Amino acid sequence: MLKKVSLLAASLMLAACSAIAVSNHLPMSPLTDLTASRVDPASNGTQNATQTVPSVTVLPEPQCQGEIPASLKATLGEYRLAKESDFVASIRAYERENPGQRTTCSIFTADFNEDKQKDYALLLVNPKNNNFRFLIAISQSSGQFDSAVVKDFSHLPDSSEGTIYTAISFKPSGELGPAAREYSPLKSGTSEQQIFKAKPAIELWKALPTDSAGVPQYLEIGTLAYCSNAFYFVNGKLKTFGVCD
């Protein structure tokens, strides 16, 4: 009898080891998370067998910082996402002094053109020449992206305190954002203002005054943030307006 029990125990241990060996060698996909487990109902609540159940992992909804999808990243060439250290000193100082206002953001995600796909607004830097770029990339059904807005900026000559002299911010649906500013062309109570309020939008600072190359002559926060442009979509078409005050 003791011999039969020993043989049975050995068989069970061998089966358990085989099961563990198989689960440790499952093929792993970069878009698959193999962490779910299932308890056998016949085990009276004791987990005696674990089965991995694949679940799709998607990129998070980045607001301010985040990751770029591979298909979008492949289109950026030498450009990369901006980092806090890329911004000029006055913008970085303003963010530190006003922690509730993010001025060194480089990526926002929303369904800007309302086609139920994730789109991206990016602030990018070319580390080879220190030029930078504002980009709104619209997702296509093929998984690729089209550039709806591309604005290129020249680098600051002889700057050792950062490169970027603009900033982007995200206006969610239901908020007025730049349309609430005193000199906004979208006047209070108009249908144009209500339409804008209902849409997600991106606000981009526009520095004034600038030289002939578009580079700002002053780097104080008041001149860098004096004007801004808003970008949004209505019925799939890009709309924009500017406001200075």
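The values are calculated or read from the model by the stated rules, or taken from the named source; none is laboratory data. None of these values were measured; they are calculated from a predicted model. Reconstructed Cβ throughout: ideal geometry from the backbone, glycine too, with neighbour counts over all protein chains shown. Side chains are part of the model used for accessible areas, which takes the heavy atoms of the whole protein and leaves out ligands, DNA and RNA. Shrake-Rupley method; radii C 1.70, N 1.55, O 1.52, S 1.80 Å.
Please enumerate the residues belonging to the range 141-167 that are open to solvent by 60 Å² or more (accessible area, probe 1.4 Å), under 17 Å from Lys73 (Cβ atoms) and within 19 Å of the chain's Cα centre (by Cα).
The answer is Gln144, Asp146, Ser147, Val150.
Given the residues Thr103, Thr109, which is the only one that is surrounded by 13 or more Cβ atoms within 10 Å (Cβ to Cβ), touching a helix residue (DSSP H, G or I) at 6+ places or on another chain (Cβ under 9 Å) and not hydrophobic (A, V, I, L, M, F, W, C)?
Just a single option satisfies the conditions, and that option is Thr103.
Pick from the range 209-245 the residues that are more than 17 Å from Thr163 (Cα to Cα) and charged (D, E, K, R): which of them is least open to solvent (accessible area, probe 1.4 Å)?
Asp245
Exactly one condition in (1) touching a strand residue (DSSP E or B) at 6+ places or on another chain (Cβ under 6 Å); (2) within 23 Å of Phe233 (Cβ to Cβ); (3) touching a residue at least 60 places away in the same chain (Cβ under 8 Å) is not met by Pro172; state its number.
(1)
Restricting attention to the range 112-134, which residues are free of Cβ contacts under 8 Å to residues at least 60 places away in the same chain, under 16 Å from the mean Cα position of the chain (by Cα) and open to solvent by less than 10 Å² (accessible area, probe 1.4 Å)?
Selection gives Asp119, Tyr120, Leu122, Leu123, Leu124, Val125.
Are there any pairs with C-beta distances below 7 angstrom linking a residue in the range 145-159 that is without any contact (Cβ under 8 Å) to a residue 24 or more places away in the chain to a residue that is in a loop (DSSP other than H, G, I, E, B) and open to solvent by 50 Å² or more (accessible area, probe 1.4 Å), with the two at least 6 apart or on different chains, and if so which?
Asp146/Gln140
Is it the case that the range 97-108 has a residue that's in a strand (DSSP E or B), at pLDDT 95 or above, in contact with a strand residue (DSSP E or B) (Cβ under 9 Å, 6 or more places away or on another chain) and within 21 Å of Tyr232 (Cβ to Cβ)?
yes
Residues being over 14 Å from Ala137 (Cα atoms), polar (S, T, N, Q) and either modelled with pLDDT of 90 or more or not in a loop (DSSP other than H, G, I, E, B) (or both): count how many of those fall in the range 57-80.
Within the range 57-80, residues that are over 14 Å from Ala137 (Cα atoms), polar (S, T, N, Q) and either modelled with pLDDT of 90 or more or not in a loop (DSSP other than H, G, I, E, B) (or both) number 2.
Which members of the range 191-208 meet the condition of being open to solvent by 60 Å² or more (accessible area, probe 1.4 Å), of a type outside the set (A, V, I, L, M, F, W, C) and not in a strand (DSSP E or B)?
Once the filter is applied, which keeps residues that are open to solvent by 60 Å² or more (accessible area, probe 1.4 Å), of a type outside the set (A, V, I, L, M, F, W, C) and not in a strand (DSSP E or B), the range 191-208 yields Ser191, Glu192, Gln194, Lys197.
Please specify each residue of the range 160-187 satisfying the condition of being part of a loop (DSSP other than H, G, I, E, B) and more than 25 Å from Gly214 (Cβ to Cβ).
Of everything in the range 160-187, those that are part of a loop (DSSP other than H, G, I, E, B) and more than 25 Å from Gly214 (Cβ to Cβ) turn out to be Pro172, Ser173, Gly174, Glu175, Leu176, Glu182, Leu186, Lys187.
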